[in-house]
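Working notes for the structure below.
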Amino acid sequence: MPDIGATRNQKSAYPVGVLAGTEAVVRVSLKFSSNDQAPAADVSFNNAGPAFAAVVLNHVVNYRLPCLPPGGNFAGVQEFQFVMKNSVPRIFQSVPRNAYGERNFPP
């Protein structure tokens, strides 16, 4: 497996060792069941391979949802877009949204 350029507790990084100019979209489903633990995360769409999915999963493991009430659950979706702009790799991420496409998280 190639060095993906990001590990737990690091900011997301463009995957190292992927084909130059490769761009990707990765969609991840997030399920929070505790306000102080990482969500369960599953890649639901990935058009470019495991290195890109690994970067996203290593990023979302740092998410917490402190506003989630004890015993509460929340499911959401977030998309990440990896692009090369003027030979500079960039990562864009959508605002997480719930299953209905709304951007509001639990109060």
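The values are calculated or read from the model by the stated rules, or taken from the named source; none is laboratory data. Note that this is a predicted model, so its numbers are computed, not measured. Heads up, the Cβs are rebuilt from the backbone with ideal geometry, glycines too, and the neighbour counts pull from every protein chain shown. Ligands, DNA and RNA are excluded from the accessible area calculation, which covers all protein heavy atoms including side chains. Shrake-Rupley method; radii C 1.70, N 1.55, O 1.52, S 1.80 Å.
Annotations for the structure displayed:
- Spans of strands (runs of 3 or more DSSP E) in region 1-91 with at least 2 residues at pLDDT below 90 and surrounded by 13 or more Cβ atoms within 10 Å (Cβ to Cβ): 74-85
- Pairing residues of region 69-80 that are more than 11 Å from Ser34 (Cβ to Cβ) with residues that are open to solvent by 30 Å² or more (accessible area, probe 1.4 Å) and among the charged types (D, E, K, R), at Cβ distances under 7 Å and at least 6 apart in sequence or on separate chains, gives Ala75/Lys31; Gly76/Arg97; Val77/Arg27; Val77/Arg97; Glu79/Arg27.
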